[in-house]
1. Spelling out what I want: for every residue of the stretch 26-31, take phi, set θ = phi - 60°, compute 6.51 cos²θ - 1.76 cosθ + 1.60 (Karplus), and round to whole Hz; glycine and proline get x.
2. If amide H atoms are built 1.01 Å from N in the plane of the peptide, which residues on other chains or at least 5 residues away come under 5 Å of the amide H of T77?
3. First select every other residue whose beta carbon is under 11 angstrom from the beta carbon of K75; then total the charges, Lys and Arg +1, Asp and Glu -1.
4. Calculate the radius of gyration of the Cα atoms of the stretch 15-85 to one decimal place, then report Dmax, the largest Cα-Cα distance, as a whole number, both in Å.
5. Modelled label-to-label distance, Q31 and Y67, 7 Å Cα→beta-carbon offset: nm?
Amino acid sequence: MNIFSLAGPGGAGQESARATGPALCSRKGCQSHAQWQLLWNNPRIHTPERRKVWLSCGDHREWLEDYLQTRSLWKETVPFTEADAAANEAG
């Protein structure tokens, strides 16, 4: 037994399971596979070349882009492929 098993279903151990599973949409509660990468950065804390990534399914792309654009954080949206997922796991 470890401290993560004490959290029960959906506890801290759940995050590591998601990290090794299929790439999922970043929208809270969405379990759909990622189709898009929304690249963004916060200019107050990130250097201009830094890009953070949110993943999106087709249904939530507009919502997530709007969220980032409203806060002047969005930079670009590009397709997400399995090659991207493999590169992220290796890095």
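1. Values per residue, Gly and Pro as x: 7, 5, 3, x, 7, 10 Hz.
2. L39
3. Numbers: positive: R50, R51, K52; negative: E49, E65, E76.
Net of charged neighbours comes to 0.
4. Calculated on Cα positions, Rg and Dmax stand at 12.3, 32 Å.
5. 1.9 nm
Any read-out appearing in this document is the output of simple, stated calculations on the displayed coordinates, not a laboratory observation. If you're wondering where the values come from, they're calculated on a predicted model, not measured in any experiment. Glycine also receives a Cβ, built like all others from the backbone with ideal geometry; neighbour counts cover every protein chain displayed.
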